[in-house]
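Here the structure comes first, spelled out in structure tokens, and everything after it is commentary.
What follows draws every value from the coordinates through simple rules; no lab data is involved. In this text the structure is predicted, and so the values were computed from the model without any measurement. Reconstructed Cβ throughout: ideal geometry from the backbone, glycine too, with neighbour counts over all protein chains shown.
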């Protein structure tokens, strides 16, 4: 399976976060994290539809859109724990093999994964924030109160989808790092695909493919 298929899961992950925004007016602290993230993206990001429309027609406008979006990447990252997300997504045996030999390797990988999500997922996410109704259920906290699961039922296009969000407390803030979509955790999907690619090819091949995909997205030749 191609590494950039991972991004499809990422799109679902972020769009799901958007859905929660309309679910409940009385929000707990974890839900506030989600609503603030949604507000930031929905008000400021240029949509994937607009990006695609100008990519082949006017490279100057395309770059202006990319630059406009990049201004908000740092702020959006405050609501997502990319380090935990990426670490949980990489099988432990490959962490031990490739990340332990170089202290900078893990950092480079996490940065690459984050940039792919920022460049692809955020613009698509804005397009998904439409015509959705949510039944927002009671949060379930871990015994130490450091993690929380938020379950909701998404009503979209006459269908219902059960979703479960997982957040972790970092200081005084809750950060999102995973979502379960109808029984499948997003980080598990990443983990299975990473493992397949590294096992059948190599870790370097995975990194190379991810970099190639990122380059194509930034050039407007792939989305």
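Kindly provide the helix-only [θ] at 222 nm of the chain, computed as the sum of -39,500 (n - 2.57) over DSSP H runs of four or more divided by all residues, to the nearest 500 deg cm²/dmol? Please list the in-between numbers first.
Numbers: 10 runs with 117 residues, N = 223.
Estimated from H runs of four or more residues: -16000 deg cm²/dmol.
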Give the separation of the Cα centroids, the stretch 172-217 to the stretch 79-107, in Å. 11 Å
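Would you list 205, 157 from fewest to most Cβ contacts within 10 Å?
Details: 205 13, 157 6.
Least to most surrounded, the residues fall as 157, 205.
Neighbouring Cβ atoms within 10 Å as the yardstick, rank 33, 221 fewest first. Before the final figure, lay out each step's value.
Numbers: 33 24, 221 10.
Least crowded to most crowded, the residues run 221, 33.
Assuming R0 = 30 Å, what is the FRET efficiency of residue 155 and residue 101, from their Cβ-Cβ distance, to the nearest 0.05?
On the way: r = 48 Å, r/R0 = 1.61.
E between residue 155 and residue 101, to the nearest 0.05, is 0.05.
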Simple spin-label estimate for residue 170/residue 108, 7 Å along Cα→Cβ, in nm, reads 2.3 nm
Residues of the stretch 197-223 with backbone N under 18 Å of the label point set 7 Å from the Cα of residue 56 along Cα→Cβ are 216-223
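For the stretch 132-197, report the convex hull volume of the alpha-carbon atoms normalised per residue, in Å³, without decimals.
On the way: hull volume 8.0 nm³, N = 66.
Looking at the stretch 132-197, the number lands at 121 Å³ per residue.
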When only alpha-carbon atoms count, how far does the stretch 3-219 stretch along each of its three principal axes, as whole angstroms with the largest first? 49, 46, 34
Förster-model FRET efficiency, 25 Å R0, residue 71 and residue 211, C-beta, rounded to 0.05: 0.60
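Quick one: 80, 176, fewest Cβ neighbours within 10 Å first, how do they rank?
On the way: 80 21, 176 25.
Going from sparsest to densest Cβ surroundings: 80, 176.
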